[in-house]
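Nothing in this text is a laboratory measurement; each read-out follows from the coordinates by a stated rule. Please read these numbers as outputs of a predicted model, since none were measured by experiment. As a convention, Cβ positions derive from the backbone with ideal geometry for all residues, glycine included, and neighbour counts pool all protein chains shown.
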Amino acid sequence: MDLKPYFQSYNGSFSLLHGDSLKMLGSLPDRSVDMVFADPPYFLSNGGTTCKSGKMVSVDKGAWDKSSGIETDHDFHLRWLGECQRVLKADGTIWVSGTQHNVYSVGFAMQQLGFKMLNDIIWHKRNPPPNLSCRYFTHATETILWAARDKASRHRFNYPDMKTANGGKQMQNVWSILPPARAEKALGKHPTQKPLALLERIVLASTLPGDLILDPFNGSGTTGIAALNLGRRYLGMELDAQYLDLTVARVHQSLHETPAAEGQLVAAYA
Ligand SMILES: C[S@@+](CC[C@H](N)C(=O)[O-])C[C@H]1O[C@@H](n2cnc3c(N)ncnc32)[C@H](O)[C@@H]1O
């Protein structure tokens, strides 16, 4: 399969691919990626309700988020996770974020594939939307599973950096980080955009400058922006071209605003 980038930086360190990651991942070489971050479909846009700007609305994040039944959804997780494991370097790690709707299937698939589980990070959202039905606890967390490629992996953990970031104390697996700030959504919105601070912490914890980071569910490109800001290389895959265009706009904004990214020449081509 010809993987012509939708967008690539002039020096080749930042690339975006348009299409189905299940098909495109197969074209990547074995053991070529240092770290994967993935925020896969939650499979929760199935007629339920949620609270948006104080109003009850139906959950519809897009066609990509509709469930095809738990067996088919699980098979999907097994397939993309298997490909990510194949392309990870021997000591590479993968981070997968999820909610109660998909994280058990994702975690089980990772166990079936023989990943070495390292941590489950609890991302605590300090200011979550209220639960309007008053029939459940307010959903204030997401889980991020961190795992190494396999049992033999000697994974990278930048322990001193995390300790420094936590005021000199060992960092715990509960991370209190606010949802994306308004400024992070100024160029356009994605229904499940992750905060840049969350991705920057993940990148800092588990990679070195120059490492290659893959995100098979690019969305608005938060992983790529974190990689760019911290001098890592990036490959993002996304089904929806409007989100790739949003990512490109965020890249240009970051190049103007972030000292580490400044000076990198970026050229786009269709
Ligand atoms: C949960 S969102 C990721 C959000 C992202 N972390 C961010 O900060 O913006 C998942 C994204 O994956 C895309 N997607 C879903 N299935 C895909 C597939 N098979 N191949 C490529 N992209 C896919 C969706 O269009 C959606 O933008």
**Study point:** Residue-span extension gain [Lys125 to Lys23] - 0.36 nm each, minus C-alpha spacing
**Key:** 33.4 nm
Review point. What ³J(HN,Hα) values, in whole Hz, does the Karplus curve 6.51 cos²θ - 1.76 cosθ + 1.60 give for the stretch 71-80 when θ = phi - 60°, with x put for Gly and Pro?
Key: 5, 5, 4, 5, 4, 4, 4, 4, 6, 6
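If the chain between Ser67 and Lys116 were fully stretched, how many nm would it gain, using 0.36 nm times the residue separation less the Cα-Cα distance?
14.9 nm
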Study note, to complete from the structure: Among the Cα-Cα pairs of the stretch 7-261, the proportion with separation greater than 29 Å, in percent, is 27 percent
Review point. For Tyr6, which sequence-distant residues (separation of 5 or more, or a different chain) have an amide H within less than 5 Å of its own amide H, given hydrogens modelled in the peptide plane?
Key: Leu16, Leu17, His18
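Quick one: net charge around Tyr42, please, counting Lys, Arg +1 and Asp, Glu -1 for every other residue with C-beta under 14 Å from its C-beta.
Counting the neighbours of Tyr42, the net charge comes to -2.
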Check your understanding: By the scheme Lys and Arg +1, Asp and Glu -1, what is the net charge of all other residues having a beta-carbon under 11 Å from that of Gly188?
Key -> +1
Check your understanding: When the helix-only estimate is applied to the chain (DSSP H runs of n ≥ 4, each -39,500 (n - 2.57), divided by the residue count), what is the mean residue ellipticity at 222 nm, nearest 500 deg cm²/dmol?
Key -> -8500 deg cm²/dmol
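Quick one: Ser67, Ser45, Ser133, Ser206, fewest Cβ neighbours within 10 Å first, how do they rank? Write out the running numbers ahead of the final one.
Numbers: Ser67 16, Ser45 20, Ser133 10, Ser206 24.
Lowest to highest Cβ neighbour count: Ser133, Ser67, Ser45, Ser206.
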Review point. Straight-line reach from Lys151: which aspartates and glutamates have Cα under 18 Å away, leaving out those fewer than 8 places along the same chain?
Key: Asp30, Asp34, Glu83, Asp91, Asp120
Practice item. Could you work out the local net charge near Ile144, counting Lys and Arg as +1, Asp and Glu as -1, over the other residues with Cβ closer than 11 Å to its Cβ? Key: -1
